[in-house]
Structures are given as structure tokens and as C-alpha cells.
Amino acid sequence: MKDLEKIEKSNCCITAQQFDYDSLKKICELTDKIRVISETKEGRDWLQTLLSDKKAMLYFAQPSSRTFMSFVSACHILGIKIMEIRDPSISSMVKGESDIDSFKTFSQFADLIIMRHDKSNLIYEVADALSKDNKIINAGSGADQHPTQALLDVYTIYKMGFNNKKIAFVGDLARGRTVRSLALMLSKLPKEEALKFYFVAPSNYQIKDDILEQLKKENIDYELTDNWEELMSKIDIVYMTRLQNEHDKKNWLYYLKNKLGISPDNARSNYIINKNNINKLKPDCKIMHPLPRRLEIGIEVDKDNRAVYWEQVENGMWVRVALIALLFKKEKQINNQFLNYQKIKKI
Ligand code: NCD
């Protein structure tokens, strides 16, 4: 596997570990500036000229609504033209073409490849196989990583202020790639801002040791628990996740339960927020979720002003604009445009 450079020097966004505190801050600040620029028609038109000579290939071999739409919208904002494959069964892969040959083909047409795949290592192999001229973004790699979701989650928390908050990750933490990437990214905060982590799940769904090893290296204060109800009143942020049972597909029990119509969520019904327990949360505790949700957050919670998961969706598009702009080295131009905008506003 290629030694990945820090995100500023890199032509790809593959893992959460590519980001350090400075680059996270840079992306958050760039996102804010892009949002200000986009407030006017002139600003939006200017953004569309930034990468209007570029083409992106969106290869999504796993289901996606938000992430796919978010990247499409981000490309539109920057004027990037898009191509897509969402159903590999109608690509040459069914003729026996290897994954790498397929990506080599895409790279002949596209300057940027945005990919989601159930094989967690494929993203590294693709990054190794393609030339440095191709930019690559990981939009979800198996049960391992989802760095752009983590970026938008970090940005959402940055807007609240990090301030040593206590965050609880709840649900299927063993296979939830968003939690894995987010924990790694948040572990990069300096001591004065660092968050305290609680991993809340039954033992067979708990966060894996590889993540805990990284947290130890970064001196992160963390605890593992299976007692959600007890923890609820102590935290400032809850990051709720769904059961990732698509990974059970090869398991006969999965098929049997599906056949019998037994919801797999029954198994973890203690790990929820709904009208019956929401008042145990602090009045200013923020409720996050990468979505899609199932039963773990009742829809009545949407009306509660502690719920920020729909904001996360919007934040995702802007953070992805900033990330793509950064990979194409457009940061300086955006900063200058932002300064011009500030001057015009003062006149
Ligand atoms: C997540 C994913 O695909 O990992 N969805 C997303 O991209 N927002 C979370 C999930 O599917 O549970």
C-alpha cells in the first residue's frame, strides 16, 4: 500500500489518518468561506468557473443516496462535469474485467474519481495503480472508512465548538465506517479542544481494537460501555448509528431472519432515542446521525432543536466542495475571492 501523504500534498482522500488538526481546520475554514462566496449569484457563478475544465467519475458500487447526491451537487457548484456508474452489473466487470483495469479505464476520461465499494482495500489498490494526475476520493470503503462523512461530521462539531465536549458513539460500532473515520479524525484535536469519547454498544458490536490502538497513541480519553440509558445525561453530543446488517448477507441467520420477517433491529432496541427517553439528554446535547436511520431515532425527535442530522446533510455538500477545491489546489483563489467579497460588503 502506498504511503499516503497528508491531505494538502496529496492527490487523494483515502483515509481519515491523512488529516491532522491543521488540515481539518483549514477545510472547515475553507468551507465557511465557500458558503459566504455562494451567497450571491456572482459568487455562485465564480465558483462554477473554478474547475469547469474538469471531469469527475462517480463509481458507486454500493447503495447511496446522500453521499452520491452530495458529491454530484458539490461537482455542480464547482462546474465539474460528471459521469457515473452505479450498477457494476452493466459495466465491463461482468465480462470479467478486473477492478483495476476498470479504474484505469475511468482514469482515461476523468480527472477525479469518486468511489464507493464494499471491498475495503480496493481504494488503496486503485490509488496505487493510477497515476498521480488522477485525483481519487473515498466515498465509503467496505466496513472500514468513510473519510468525507467524517469531514462533514467534524465540520458540524466545529460549528458547535469542540471545547472538550463529551461525545457518545452509539450503535453498530464494529462495522460502522463513519464512526471509525470520525473517531480517528477527532483524535487529532489538540489537548485544549480534545473530546472525550464514549463507545456505546453491546460487546459484539463494540468498536474494534485497531481504532482503540490509534486513540491510545493520541492520548484520547475514552470509555466503552453497554449502558446507554445511564450515559444519556452526561454527554454533549450523541452520534447515533444504525445496525450495519448488510455485512451479514453471507450469513444464513440473516437470510432466515429476513425470510421470517424478523427485524434485525430488535436485537439492539435499547440503543435508541425517542419520545420516551429524549428528556434524559442535556437540554443542549446535540443529536447527530450519518443517516440513513431506521428505528434508532424516532421521527418525533426531528422537531427537537437538539437534532442536527439534517444540518449534517447540508454541511456535507459544502465540505465536499472545499475538499475537491483543496485537492485541485484552488485554496488560494478561494481565499482571494473571499477577501474581495469582504471588501465589497464593506463598501
Ligand atoms: C453511511 C455509510 O454509507 O456508511 N451513510 C452515509 O454515507 N451517510 C452510514 C450508513 O449507511 O449507515
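A compact table of results
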| item | result |
| --- | --- |
| In segment 145-247, GluC sites (Glu not before Pro) in a DSSP loop with at most 11 other beta-carbon atoms within 10 Å | E192 |
| 222 nm mean residue ellipticity, helices alone, for the chain (DSSP H n ≥ 4; -39,500 (n - 2.57); rounded to 500) | -12500 deg cm²/dmol |
| Accessible area of the chain divided out per residue, in Å², using a probe of 1.4 angstrom | 47 Å² |
| Within the accessible area of the chain (1.4 Å probe), percent carbon and sulfur | 50 percent |
| Out-of-range pairs (alpha-carbon distance over 26 Å; input K9/K196; K286/K346; K9/K343; K6/K217; K26/K135; K81/K343) | K9/K196; K286/K346; K9/K343; K81/K343 |
| Contour minus Cα-Cα distance for R44 and K345 (0.36 nm per residue) | 106.8 nm |
| FRET efficiency, D221 to E29 (Cβ-Cβ, R0 45 Å, nearest 0.05) | 0.95 |
| Neighbour-limited loop hits for GluC sites (Glu not before Pro), segment 1-77 (at most 11 other Cβ within 10 Å; DSSP other than H, G, I, E, B) | E5, E39 |
| Amide H within-cut-off set for E84, under 5 Å, with H built and near neighbours excluded | L58 |
| Span-like helix ranges in the chain, DSSP H, alpha carbon extent 18 angstrom or more, Kyte mean at least 0.0 | 147-160, 309-327 |
| Estimated inter-spin distance, K275 and S91, nm [label 7 Å along Cα→Cβ] | 4.5 nm |
| Residues of segment 125-148 with amide N under 19 Å of the 7 Å Cα→Cβ point at S98 | 125-132 |
| Cross-link partners of K329 among aspartates and glutamates (Cα-Cα below 20 Å; sequence separation of 8 or more within a chain) | E5, E8, D20, D22, E29, D32, D45, D53, D111, D133 |
| Amide N of segment 164-201 lying under 16 Å from the label point, which is placed 7 angstrom from the Cα of R66 along Cα→Cβ | 169-173, 176-183 |
| Stretch gain in nm, segment K196-S120, where the contour uses 0.36 nm per residue and the Cα spacing is subtracted | 24.6 nm |
| Anisotropy class of segment 1-94 from Cα gyration tensor, a/c 1.5 cut | oblate |
| Label point distance in nm, D53-K234, each placed 7 Å from Cα along Cα→Cβ | 5.7 nm |
| Trypsin sites (Lys or Arg not before Pro) within segment 1-103: DSSP coil, no more than 10 neighbouring Cβ in 10 Å | K9 |
| Normalised convex hull volume, segment 177-248, alpha-carbon set, Å³ per residue | 97 Å³ |
| Per-pair calculated FRET efficiency, R0 = 45 Å: N305 and K81 via Cβ, rounded to 0.05 | 0.70 |
| Antiparallel content of DSSP bridges confined to the chain, in %, to 5 | 5 percent |
| Cut-off under 5 Å, modelled amide H: who pairs with K286 long-range | I237, V238 |
| Relative contact order for the chain, counting Cα pairs under 8 Å that sit 6 or more residues apart, in percent | 20 percent |
| Fraction in percent of alpha-carbon pairs per bin - 10 Å, the chain | 5, 24, 32, 25, 11, 2, 0 |
| Hz values of 3J(HN,Hα) by residue in segment 9-14 - Karplus curve (6.51, -1.76, 1.60), Gly and Pro given as x | 8, 8, 9, 8, 10, 10 |
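The values are calculated or read from the model by the stated rules, or taken from the named source; none is laboratory data. In this text, all values refer to a predicted model and were calculated from it rather than measured experimentally. Virtual Cβ from ideal backbone geometry, glycine too; neighbours counted across all protein chains shown. Note: accessible area is taken over every heavy atom of the protein model, side chains too, but ligands, DNA and RNA are not part of it. Shrake-Rupley method; radii C 1.70, N 1.55, O 1.52, S 1.80 Å.
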